[in-house]
Amino acid sequence: MKVGIQGIGLLAAGLEGWRAGRAVLAGTGPFAPVAVPDPEAALLPPNERRRSSDCVRWALHVAQEAIAQSGLDPREVPTVFASSGGEMGVIDAVCRTLATPDRVISPTLFHQSVHNTAAGYWSIATTCQQSSTALSCYDDSFAAGLLEAITFVCVEQRPVLLVAYDLAVAAPLNEARPITIGFAVALVLAPPSGASFVSMHLRLEEAHQDEASRLQDPALEQVRQDNPAARSLPLLRAIATGGSQRIILSLLDSQQLVLDLDPCRN
């Protein structure tokens, strides 16, 4: 299966936006992680923006960056949202409330607790009525989302927006799911064309001796290991450095995605 990449959005400490992140990943800029300002989610109407969760704002931030870079109308682009845990901050708040004597959950908190909250807010923000998929595959959520998105492009022959995100998990839930940093990435994938700056051929194979691609920089490799959405970093680094490259992403214990990248334009 072959697709083109037309837009990228990125948000993490030290990787704030694709322009800055590209320089870091290409080795032409320093990796200096600092606290990430809370994204504004400016696309959302004021009422929804006030009610939105941290996960929603991170996901919409990178989605907006990728769509803007592609030049496509967000109302016309189907979406795939991939997250290992989804609204873990909301789940933490719900669990804490249920542990109190009153156990009264606000309607806003309740409706934000579902896994596809970010997808719903994106459709509100953009008035998009195209198909949307929200999925989770533990540490391999990005790979599962990428496979879903590329399959959609190849079958439907139209662009799709992939958004992968996970935020740090608070105590005590972090004892079961130790995600220590936030990371969000978005890719606009489409049939290869002159609008693509990278083409990518995907093969799904049984896992064998070839390990998943890693990063040579120890600090960036730690980011990759700490957040399921950051499993995208080897792919992003390959795009940033340019040239023809092969990337391997783990998918479950028995499979892997093999990605062959070729540049199309600067």
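The values are calculated or read from the model by the stated rules, or taken from the named source; none is laboratory data. No experiment lies behind these values; they were computed from the predicted model shown. Every residue, glycine as well, gets a Cβ built from its backbone with ideal geometry; the counts of neighbours run over all protein chains shown. Only protein heavy atoms, including side chains, enter the accessible area calculation; ligands, DNA and RNA are left aside. Shrake-Rupley method; radii C 1.70, N 1.55, O 1.52, S 1.80 Å.
Using a cutoff of 8 angstrom between alpha carbon atoms and counting only pairs six or more residues apart, the relative contact order for the range 104-206 works out to 18 percent. Kirkwood radius, the chain, all distinct C-alpha pairs, inverse of mean reciprocal distance: 18.7 Å. Probing with 1.4 Å while keeping every protein chain in the model, the per residue accessible area of the chain equals 46 Å². Residue-normalised convex hull volume from the C-alpha trace of the range 1-112: 156 Å³ per residue. Subtracting the Cα-Cα distance of residue 42 and residue 211 from their residue separation scaled by 0.36 nm leaves 56.8 nm. Couplings 3J(HN,Hα) for the range 33-39, derived from phi with the Karplus relation 6.51 cos²θ - 1.76 cosθ + 1.60 (θ = phi - 60°), are x, 9, 4, 8, x, 4, x Hz, where x marks Gly and Pro. Give the distance, in whole Å, between the Cα centre of the range 1-79 and the Cα centre of the range 120-195. One Cα centre to the other: 12 Å. In the chain, once you exclude exposed trypsin sites (Lys or Arg not before Pro) (DSSP loop, at most 15 other Cβ within 10 angstrom), what's the longest stretch remaining? No qualifying site falls inside 104-213, the longest such stretch. Using alpha carbons only, how many degrees (0 to 90, rounded to 10) separate the axis of helix 141-156 from the longest principal axis of the chain? Its long axis makes an angle of about 60 degrees.
For the range 175-252, the Kirkwood hydrodynamic radius from C-alpha pairs, put into Stokes-Einstein at 25 °C and a viscosity of 0.890 mPa s, yields a diffusion coefficient of 171 µm² per second.
As a fraction of the 1.4 Å probe accessible area of the range 1-114, surface on carbon and sulfur atoms comes out at 56 percent. Calculate the translational D of the range 144-220 in whole µm² s⁻¹ from Stokes-Einstein, where the hydrodynamic radius comes from the Kirkwood formula applied to all Cα pairs, the temperature is 10 °C and the viscosity 1.306 mPa s. Calculated translational D: 102 µm²/s.
Relative intensity of the range 126-266 on a log10 scale, I(q)/I(0) at q = 0.09, 0.10, 0.11 Å⁻¹, equals -0.29, -0.35, -0.43, per a Debye sum over C-alpha point scatterers of equal strength in the absence of solvent.
Projected label points at residue 174 and residue 124, each 7 Å from Cα along the beta carbon direction, are separated by 2.8 nanometres. Scanning the chain for GluC sites (Glu not before Pro) lying in DSSP loops with no more than 15 further Cβ atoms inside 10 Å, the longest uninterrupted stretch between such sites is 41-210.
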